[in-house]
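Note sheet for the following structure.
The values are calculated or read from the model by the stated rules, or taken from the named source; none is laboratory data. Model, not experiment: these values are computed from the prediction. Neighbour counts are summed over all protein chains in view; Cβ atoms, including those assigned to glycine, are modelled from backbone coordinates with ideal geometry.
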Amino acid sequence: MTLTIRIIIVGILLLLIDWYFYQAVSTVFRGASLARKNIAFYIYWGFTVVSFIVLLTPIFFPLSNWPQYLRVYLIAFMVMVIISKLIGSLFLLMDDIIRLFRWLAGLIAKPVVTNSVAQTTNGNKISRLMFLNYVALGMAALPFSSLIYGMINGAYDYKVRKLKVVLPNLPASFNGLKILQISDIHSGSFYSTNHVADAIEIILKQKADIIFFTGDLVNNRATETEPFMEIFSRIKAPMGVYSILGNHDYGDYVEWESAEAKAKNLNDLKHIHAKVGWKLLMNEHVALRKGEEEIALIGIENWGGKLNFPKYGNMKKAYTGTEKYPVKLLLSHDPSHWNKQVIHHYKDVDITFSGHTHGFQFGVEIPGFKWSPSQYVYKQWAGLYKENNQYIYVNRGLGFLGYPGRVGILPEITVMELSNV
């Protein structure tokens, strides 16, 4: 099926949703003046027309040729409008189900109820039917306003999350080791270097001993990093900066003119890690030394255990030779790897550092309560988890993908202190 046909099919479905949701708008404004009805009509269908223009534009002008700022925010606007109407339509569906049962009840009881839409209660109370139409509009406005807020305030509201993890086998020289973790920068989603520079300043102020980056430096192409090379090169720590690849770093989600072009892109990205001073671990391990004592740091390529994400990682290759170290730290982008392989076959890996989920960039986090749609896909999706004597920390990500914002699940810089007591 060609892109044009897919877009046309999606367009027809969206038009049906628009027509359906407009029933709530027209019902609410039924008693309004003609001028107010016209205003509501033009605002509603104006939003719809803009959304369809954005949807149809890729047929004539590929998204890759759009200015980045326009591409990110126009697409986000369209998605927000669609999501809002879908949520509102759920309440319209409740309305229609109620009307259906009223109609059926009228057929059975007789005489037939002929004007269920116009039924109202006495006094100033509005009918249940009108109430549901108001709720539909309100519930559509709620996600739209929340997503706007998340774009303005949430996308760059970097949170430093500090925690302490006790490892009884940790050598004395490493007691108090301060690890800083960042993940999922997604360079191609940023239209300006300023916000990335702000995050780097926060990172440097933490004065960590060592820094881990756990994958997805880009959305698709190595060239996305070009504006940020100088900024990324500022990330330094006394014991070094270590990195791994995430699923987006392989260029699997775009079409390449040849297999050679795709391979070159990946090779270029590997060189970029080196150019900015990061040690990229590709199914390998290194010894971290303090004084005369050592622990192991293992880094693998992406290994996805959910949603058919690729399995490039080779844990056996990376792990072999680490048996002698008292503590083992693992960098693995996708947290499902921990569940599927690490805790079953590598029980002496003490802590796994992951990212990938972004916490779906949407949810609620308040003291004592944490929720996101991400939890229905990933058992470990944000924060610290433990099973037996093994830990995993899932970083919420520094950047964003798709939707250019965050609601409730804010961008994260993790600072973890290791202790043996």
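Out of (1) assigned to a helix (DSSP H, G or I); (2) closer than 15 Å to residue 417 by Cα, the odd one out for residue 228 is which?
(2)
Which ones in segment 145-199 are buried (at least 18 other Cβ atoms within 10 Å of the Cβ), modelled with pLDDT of 95 or more, of a type in the set (A, V, I, L, M) and assigned to a helix (DSSP H, G or I)?
Result: 196, 199.
Could you list all residues from segment 346-364 that are aromatic (Phe, Trp, Tyr) and within 25 Å of residue 248 (Cα to Cα)?
Start the filter on segment 346-364 by keeping residues that are aromatic (Phe, Trp, Tyr), which leaves 346, 353, 360, 362.
Of everything in segment 346-364, those that are aromatic (Phe, Trp, Tyr) and within 25 Å of residue 248 (Cα to Cα) turn out to be 353, 360, 362.
Conditions first: (1) in contact with a helix residue (DSSP H, G or I) (Cβ under 8 Å, 6 or more places away or on another chain); (2) in a strand (DSSP E or B). Residue 403 passes all but one, so which condition is the exception?
(2)
From the set of residues in segment 204-215 that are surrounded by fewer than 22 Cβ atoms within 10 Å (Cβ to Cβ) and not acidic (Asp, Glu), which is farthest from the chain's Cα centre (by Cα)?
It comes out as 207.
Rundown of residues vs (1) under 25 Å from the mean Cα position of the chain (by Cα); (2) within 19 Å of residue 134 (Cβ to Cβ); (3) loosely packed, with under 15 Cβ neighbours inside 10 Å, yes/no style:
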{"residue": "19", "(1), (2), (3)": "no, no, yes"}
{"residue": "48", "(1), (2), (3)": "no, no, no"}
{"residue": "60", "(1), (2), (3)": "no, no, yes"}
{"residue": "76", "(1), (2), (3)": "yes, no, no"}
{"residue": "93", "(1), (2), (3)": "no, yes, yes"}
{"residue": "105", "(1), (2), (3)": "no, no, yes"}
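Within segment 341-361, track down each residue that is farther than 22 Å from residue 180 by Cβ and either in contact with an Asp or Glu (Cβ under 9 Å, 6 or more places away or on another chain) or touching a residue at least 60 places away in the same chain (Cβ under 8 Å) (or both).
343, 348
Please work out if residue 29 is touching a residue at least 60 places away in the same chain (Cβ under 8 Å) and under 15 Å from residue 133 (Cα atoms).
no
Would you call residue 344 part of a helix (DSSP H, G or I) and either touching a helix residue (DSSP H, G or I) at 6+ places or on another chain (Cβ under 7 Å) or not hydroxyl-bearing (Ser, Thr, Tyr) (or both)?
Taking the combined requirement at face value, the residue satisfies it.
Quick test of your reading of the structure: residue 313 fulfils all but one of (1) in a loop (DSSP other than H, G, I, E, B); (2) surrounded by fewer than 23 Cβ atoms within 10 Å (Cβ to Cβ); (3) not acidic (Asp, Glu). Name the failing condition by number.
(2)
Can you work out which of the residues in segment 329-364 that are surrounded by fewer than 24 Cβ atoms within 10 Å (Cβ to Cβ) and among the acidic types (Asp, Glu) is nearest to residue 381 (Cα to Cα)?
Checking each candidate, the answer is 350.
Among the residues of segment 275-291, is any touching a residue at least 12 places away in the same chain (Cβ under 8 Å), surrounded by 21 or more Cβ atoms within 10 Å (Cβ to Cβ) and among the small types (Gly, Ala, Ser)?
no
What pairs can you find where one residue is in segment 225-243 and farther than 16 Å from residue 196 by Cβ and assigned by TED's automatic domain parsing to the domain that holds residue 184, the other is part of a loop (DSSP other than H, G, I, E, B) and small (Gly, Ala, Ser), and their Cβ atoms are less than 6 Å apart, with a gap of 6+ or different chains?
That search, which allows pairs on different chains as well, returns 237/208.
Out of the residues in segment 365-395 that are buried (at least 20 other Cβ atoms within 10 Å of the Cβ) and without any contact (Cβ under 8 Å) to a residue 40 or more places away in the chain, state the one that is farthest from residue 73 (Cα to Cα).
382
Please enumerate the residues belonging to segment 357-400 that are assigned to a loop (DSSP other than H, G, I, E, B) and β-branched (Val, Ile, Thr).
Residues satisfying the conditions are 357, 377.
Restricting to segment 331-377, what's the tally of residues that are farther than 29 Å from residue 241 by Cα and among the basic types (Lys, Arg)?
Number of matching residues: 1.
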